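Chemist: Dropping the structure in here first, questions after.
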Amino acid sequence: MKRNVFALLVVLLLGWAAYASFFVAPTENTMGVIQRIFYLHMPSAIVAFCAFLTTFVANLLYVFRRQNRWDWLAVSSAEVGLAFITVVLITGPIWAHPVWGIWWTWDARLTSTFVLWLLYVSYLLLRTLIEDPHRRALASAVYGIFAFLDVPLVHMSIRWWRTQHPQPVLMGGPGTGLDSQMKIVLLYSFIALLSLMIFLVRQRYELEALRGQADALRREAEAA
Amino acid sequence: MTSAGAPLGLRCNNLEKRFGNFMALRRISFEIVPGEAVALAGHNGSGKTTFLRIAAGLSRPTAGSLHVGSEDIITTAVRMRIGFVAHQTMLYDELTAEENLLLFARLQGIATAAQRASELLQETGLIDRRRSLVRTFSRGMRQRLTIARALLHAPALLLFDEPGTGLDAPGISWLAATLLRVRDAGCTILMSLHGQAELAAVATRAMRLEAGSLAADSSSGESIESVLRVRER
Amino acid sequence: MSLLQTTATLFNKELRTELRSRELITTTIVFIVLVIVLFSFTFDPGSSESRRFGPGLLWLAFLFAASLMLQPCFLREQLNDTLSALRMASPDPFAIFLAKLAANTMFLLLTELMMLPVFAVLYNVPVWHVLPQLALVLFAGSVGICVAGTAVAAISAQARMRELLLPLLLLPLLTPVLIASTEATAALLADKPELRLDWLGFLAAFDLVFLTALWLFGEFLLEE
């Protein structure tokens with residue numbers, strides 16, 4: 001019952017955020033309607049980062065506590081984070097093409113995001129290639145920790161590199177200001193997407209937990 | 001070949017190990033008194049190797065505990081006082097017999113590494129092949145070198161997983177004599193056997209594992225031969 | 001036995017085993033030469049393009065070569081289960097990693113230094129005048145590659161398809177190293193050679209972060 005209420009809340013928040021993106025936010029001066037994809041693009045990136053941060057913490061907790069639920073949380077969060085990152089990588093080019101005439105520009109943030117995507121795809125791939133659940137959890141936890149520690153380094157190196165070899169910057173650089181109306185819509189969007197993330201992670205976690213419990217039951221049956 | 005200290009005892013409590021869905025060890029509990037020489041019997045897959053690897057500190061139990069001496073095997077450096085012979089040789093094929101022994105002697109902080117290595121090469125009859133690469137050794141010679149490696153640091157607890165593998169009849173006699181000497185010099189022995197009578201004769205106690213559980217223990221009255229179901233070779 | 005002594009003993013073993021078989025160094029050299037030659041077919045190696053693309057191609061060649069060279073790192077120890085013997089005999093598991101890391105860095109560096117003249121000749125890029133600085137950059141980059149690489153080798157040794165998995169896990173992690181090393185190398189090979197201390201400092205930071213992570217979490221990768 002609680003889950004259905006939460007699901008309904010998420011749908012409402014998403015609906016409101018979508019409405020606000022199209023009808024409440026003012027139209028941007030130079031880019032027109034296509035700019036509204038920004039309200040999907042940027043919050044998705046932040047939410048994805050929250051998901052990966054959750055994975056990192058879960059990885060640490062698994063390594064030091066060895067409780068299965070941290071492994072379940074880590075994989076759930078990573079998968080959902082990956083989905084949001086994919087949204088970022090798709091909305092980027094969709095926005096870029098009408099405005100710049102090109103699909104991809106190796107813009108610093110987009111490039112960092114792409115590397116992040118690669119890292120977490122590797123993390124999930126690693127998991128599919130180890131069968132023993134404990135080894136899988138431990139090995140992927142350590143890799144996940146390394147991957148997360150790499151993220152700021154990736155970010156920094158790409159940014160420095162890009163300041164020396166400038167390319168067109170999507171979504172405006174750090175200096176561009178945001179209309180206060182736009183900021184509010186951005187916030188709505190962020191809250192909506194964050195609640196979607198929490199919902200999805202919980203669903204995925206419960207699936208993983210069910211699998212774990214089925215395994216435990218099977219073990220008890222064998223032991224008896 | 002005296003022990004570097006008093007022999008160590010071993011105690012396991014509700015020890016459990018599972019791999020995915022497979023239960024290799026199901027809550028075993030028993031105690032081995034310091035100085036005992038225990039023979040462990042059981043079919044393939046009964047859990048002997050799993051148990052020995054946990055006792056050596058290489059594998060972590062999924063539940064329960066195992067103590068060697070007074071220390072928990074998970075956490076401490078009591079492993080440095082344990083000698084282990086596994087299924088695989090644990091030797092570097094690209095190094096000579098002497099280099100292998102020197103490596104492990106140095107790692108374990110043995111002061112007279114070269115001398116100790118020579119002693120053991122002499123004991124195992126490999127002194128003439130000390131400068132040959134292990135790659136060129138027969139299975140029997142590798143097994144003897146592996147046993148030499150396990151005895152390097154004069155351990156207080158010896159764990160042997162089917163130590164007779166690859167040894168011919170004279171080799172087994174030599175091993176039995178060595179184990180007897182080691183036992184009498186003050187070292188606890190736990191060895192898994194597959195029915196070699198000569199080695200079983202060294203044992204002061206026998207246990208049998210079946211499907212991860214302790215099925216028989218000679219300390220409860222049954223004879224060693226009956227527990228091991230020894231067949232003469 | 002102190003950490004340094006244990007590492008030295010193990011490092012000695014790594015050198016000896018490699019010198020006996022000579023598999024790693026020879027195959028790595030051949031591979032790098034192959035890559036350099038193949039790359040030269042993709043552009044005009046005589047002109048100024050060499051200076052532009054050369055450093056990047058060089059480091060890509062090093063990265064790919066390292067992915068191959070690191071494969072046997074822990075697989076060798078699985079052959080006769082010598083890893084278990086090391087775990088029982090070494091008081092500190094970190095020594096095992098340090099020794100392998102040092103050996104791998106040395107082999108990689110050796111190969112890179114041998115490849116420099118080949119690169120210089122085939123691509124008409126003079127390197128002699130900046131050799132010491134170039135060696136410094138090669139060192140900093142190689143340490144980075146090998147720290148992450150040794151950790152990833154330990155991780156992939158536990159999985160299926162490990163030969164394919166190692167580069168998949170390693171290359172995204174090494175994006176910062178690729179960028180930093182390429183930029184530093186390019187600066188040294190430019191008309192006015194410049195030693196970019198900022199990129200070198202960045203490489204040092206990368207090395208430190210991952211070395212610390214390896215120190216903290218490496219032992220969990222050796223567990224059964």
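The values are calculated or read from the model by the stated rules, or taken from the named source; none is laboratory data. Keep in mind that what you see is a predicted model, and the values were worked out from it rather than measured. Ideal geometry is used to build each Cβ from the backbone, glycine not excepted, and the neighbour counts take in all protein chains shown.
Chemist: Only residues that are of a type in the set (Phe, Trp, Tyr) and modelled with pLDDT of 90 or more: list them for the range B:13-68, please.
Modeler: B:Phe30, B:Phe51
Chemist: Which one is nearest to A:Tyr123 (Cα to Cα), of the residues in the range C:145-200 that are at the interface with chain A (Cβ under 7 Å from one of its Cβ atoms) and outside any helix (DSSP H, G or I)?
Modeler: Here the residue is C:Ala159.
Chemist: Output the number of the condition that B:Leu180 fails; it satisfies all remaining conditions of (1) touching a residue at least 24 places away in the same chain (Cβ under 8 Å); (2) farther than 22 Å from B:Leu101 by Cβ; (3) assigned to a helix (DSSP H, G or I).
Modeler: Exception for B:Leu180: condition (1).
Chemist: From the list B:Arg18, B:Arg27, B:Arg11, which one is in contact with a Lys or Arg (Cβ under 7 Å, 6 or more places away or on another chain), among the charged types (D, E, K, R) and more than 20 Å from B:Leu179 (Cα to Cα)? Talk me through it step by step, then tell me what you get.
Modeler: On the way: B:Arg27 fails: in contact with a Lys or Arg (Cβ under 7 Å, 6 or more places away or on another chain); B:Arg11 fails: in contact with a Lys or Arg (Cβ under 7 Å, 6 or more places away or on another chain).
Testing whether each residue is in contact with a Lys or Arg (Cβ under 7 Å, 6 or more places away or on another chain), among the charged types (D, E, K, R) and more than 20 Å from B:Leu179 (Cα to Cα) leaves just B:Arg18.
Chemist: List the helices (runs of 4 or more DSSP H) that sit entirely inside the range A:105-224 and contain at least 2 residues that are among the β-branched types (Val, Ile, Thr), within 30 Å of C:Leu211 (Cβ to Cβ) and modelled with pLDDT of 85 or more. Before you say what the answer is, go through the steps one by one.
Modeler: Working: elements: A:108-128, A:133-164, A:180-223.
Helices (runs of 4 or more DSSP H) meeting the threshold: A:108-128, A:133-164.
Chemist: Looking only at the range B:94-107, which residues are more than 10 Å from every other protein chain (Cβ to nearest Cβ) and under 19 Å from B:Thr165 (Cβ atoms)?
Modeler: Across the range B:94-107, the qualifying residue is only B:Ala97.
Chemist: Tell me whether the range B:86-106 contains one or more residues that are assigned to a strand (DSSP E or B), among the hydrophobic types (A, V, I, L, M, F, W, C) and touching a strand residue (DSSP E or B) at 6+ places or on another chain (Cβ under 7 Å).
Modeler: Within the range B:86-106, not a single residue is assigned to a strand (DSSP E or B), among the hydrophobic types (A, V, I, L, M, F, W, C) and touching a strand residue (DSSP E or B) at 6+ places or on another chain (Cβ under 7 Å).
Chemist: From A:Ala139, A:Ala74, A:Ala147, A:Ala83, grab the single residue that is away from every other protein chain (no Cβ under 14 Å), in contact with a helix residue (DSSP H, G or I) (Cβ under 9 Å, 6 or more places away or on another chain) and buried (at least 23 other Cβ atoms within 10 Å of the Cβ).
Modeler: A:Ala74
Chemist: Starting from the range C:204-215, keep only residues that are within 7 Å of chain A (Cβ to nearest Cβ), then list their pairs with residues that are modelled with pLDDT of 95 or more and surrounded by fewer than 19 Cβ atoms within 10 Å (Cβ to Cβ) whose Cβ atoms are within a distance under 7 Å, requiring at least 6 positions of separation or different chains.
Modeler: Short answer, once both residue conditions are applied: C:Val209/A:Leu149; C:Ala213/A:Leu149.
Chemist: Let me ask another. So, in the range B:65-88, of the ones that are more than 19 Å from B:Ala154 (Cα to Cα) and touching a residue at least 24 places away in the same chain (Cβ under 8 Å), which residue ends up nearest to the other protein chains (Cβ to nearest Cβ)?
Modeler: B:His87
Chemist: Here's something else I'd like to know. Could you grab me the full set of residues in the range A:11-46 that are modelled with pLDDT of 80 or more and aliphatic (A, V, I, L, M)?
Modeler: A:Val11, A:Leu12, A:Leu13, A:Leu14, A:Ala17, A:Ala18, A:Ala20, A:Ile37, A:Leu40, A:Met42, A:Ala45, A:Ile46
Chemist: Cβ-Cβ under 7 Å, sequence separation 6+ or interchain: first residue in the range B:196-225 and outside any strand (DSSP E or B), partner at pLDDT below 85 and loosely packed, with under 15 Cβ neighbours inside 10 Å. Which pairs?
Modeler: Close Cβ pairs (under 7 Å, with a partner that is at pLDDT below 85 and loosely packed, with under 15 Cβ neighbours inside 10 Å) amount to B:Gln196/B:Arg233; B:Ala197/B:Glu232; B:Ala197/B:Arg233.
Chemist: When residues of the range B:108-133 are filtered for being part of a helix (DSSP H, G or I), within 14 Å of chain C (Cβ to nearest Cβ) and under 21 Å from the mean Cα position of the chain (by Cα), how many remain?
Modeler: Qualifying residue count, the range B:108-133: 2.
Chemist: Can you tell me which residues in the range C:63-97 are within 14 Å of chain B (Cβ to nearest Cβ) and outside any helix (DSSP H, G or I)?
Modeler: C:Asn80, C:Asp81, C:Ser90, C:Pro91, C:Asp92
Chemist: Under 8 Å by Cβ, and 6 or more places apart or on different chains, what pairs join a residue from the range C:68-83 that is at positive phi with one that is surrounded by fewer than 22 Cβ atoms within 10 Å (Cβ to Cβ)?
Modeler: Filtered contacts from the range C:68-83: C:Asp81/B:His87; C:Asp81/B:Gln88.
Chemist: Let me ask something else. Only one of these is in a helix (DSSP H, G or I) and in contact with a Lys or Arg (Cβ under 8 Å, 6 or more places away or on another chain): C:Thr17, C:Thr7. Name it.
Modeler: Among C:Thr17, C:Thr7, only C:Thr17 is in a helix (DSSP H, G or I) and in contact with a Lys or Arg (Cβ under 8 Å, 6 or more places away or on another chain).
Chemist: Just one of B:Asp184, B:Asp168, B:Asp161 is away from chain C (no Cβ under 14 Å) and in contact with a helix residue (DSSP H, G or I) (Cβ under 7 Å, 6 or more places away or on another chain); which is it?
Modeler: Being away from chain C (no Cβ under 14 Å) and in contact with a helix residue (DSSP H, G or I) (Cβ under 7 Å, 6 or more places away or on another chain) holds for just one of B:Asp184, B:Asp168, B:Asp161, which is B:Asp168.
Chemist: Report yes if B:Ile82 is over 23 Å from B:Gly164 (Cβ atoms) and under 19 Å from the mean Cα position of the chain (by Cα), otherwise no.
Modeler: no
Chemist: Search the range B:21-64 for residues being among the charged types (D, E, K, R) and either within 11 Å of another protein chain (Cβ to nearest Cβ) or not in a loop (DSSP other than H, G, I, E, B) (or both), and hand back the single one that is surrounded by the fewest Cβ atoms within 10 Å (Cβ to Cβ). Don't jump to the end; show me each part of the working.
Modeler: We begin by selecting, within the range B:21-64, every residue among the charged types (D, E, K, R); these are B:26-27, B:31, B:36, B:48, B:53, B:60.
Going one step further and asking which of them are either within 11 Å of another protein chain (Cβ to nearest Cβ) or not in a loop (DSSP other than H, G, I, E, B) (or both), we end up with B:26-27, B:31, B:48, B:53, B:60.
Working: B:Arg26: 20, B:Arg27: 16, B:Glu31: 12, B:Lys48: 26, B:Arg53: 21, B:Arg60: 15.
Ranking the candidates gives B:Glu31 first.
Chemist: Being among the basic types (Lys, Arg), within 14 Å of another protein chain (Cβ to nearest Cβ) and surrounded by fewer than 22 Cβ atoms within 10 Å (Cβ to Cβ) is the requirement here; does C:Arg51 meet it?
Modeler: So C:Arg51 fails the test.
Here is a yes/no grid of residues against (1) in contact with a strand residue (DSSP E or B) (Cβ under 6 Å, 6 or more places away or on another chain); (2) of a type outside the set (A, V, I, L, M); (3) modelled with pLDDT of 95 or more:
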{"residue": "C:Leu101", "(1), (2), (3)": "no, no, yes"}
{"residue": "C:Thr105", "(1), (2), (3)": "no, yes, yes"}
{"residue": "C:Val127", "(1), (2), (3)": "no, no, no"}
{"residue": "C:Leu138", "(1), (2), (3)": "no, no, yes"}
{"residue": "C:Gly149", "(1), (2), (3)": "no, yes, yes"}
{"residue": "C:Leu171", "(1), (2), (3)": "no, no, yes"}
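Chemist: Please give the number of the condition B:Leu91 fails out of (1) within 14 Å of chain C (Cβ to nearest Cβ); (2) surrounded by fewer than 23 Cβ atoms within 10 Å (Cβ to Cβ); (3) touching a residue at least 40 places away in the same chain (Cβ under 8 Å).
Modeler: Failed condition: (2).
Chemist: On to the next question. Looking at (1) surrounded by 23 or more Cβ atoms within 10 Å (Cβ to Cβ); (2) within 24 Å of A:Gln164 (Cβ to Cβ); (3) within 14 Å of chain C (Cβ to nearest Cβ), find the lone condition where A:Gly92 falls short.
Modeler: Unmet for A:Gly92, out of (1) surrounded by 23 or more Cβ atoms within 10 Å (Cβ to Cβ); (2) within 24 Å of A:Gln164 (Cβ to Cβ); (3) within 14 Å of chain C (Cβ to nearest Cβ): (3).
Chemist: Restrict the check to the range A:147-164 and report whether at least one residue is under 21 Å from C:Leu164 (Cβ atoms) and charged (D, E, K, R). First the steps, then the outcome.
Modeler: Step one: list which residues in the range A:147-164 are under 21 Å from C:Leu164 (Cβ atoms), which gives A:147, A:150.
Applying the additional criterion that residues be charged (D, E, K, R) yields A:150.
Among the residues of the range A:147-164, at least one is under 21 Å from C:Leu164 (Cβ atoms) and charged (D, E, K, R), which makes the answer yes.
Chemist: Now, a different point. Mind checking which residues of the range B:120-139 are under 18 Å from B:Gln88 (Cα atoms) and exposed (fewer than 14 other Cβ atoms within 10 Å of the Cβ)?
Modeler: Result: B:Thr136, B:Ser138, B:Arg139.
Chemist: Right, here's the next one. Working only within the range C:20-30, note down all residues that are assigned to a helix (DSSP H, G or I) and surrounded by fewer than 19 Cβ atoms within 10 Å (Cβ to Cβ).
Modeler: C:Arg20, C:Ser21, C:Glu23, C:Ile25, C:Thr26, C:Thr27, C:Ile29, C:Val30
Chemist: Buried (at least 22 other Cβ atoms within 10 Å of the Cβ), of a type in the set (A, V, I, L, M) and either outside any helix (DSSP H, G or I) or more than 14 Å from chain B (Cβ to nearest Cβ) (or both): which single residue out of C:Leu116, C:Leu60, C:Leu101 fits that description?
Modeler: Answer to the check: C:Leu101.
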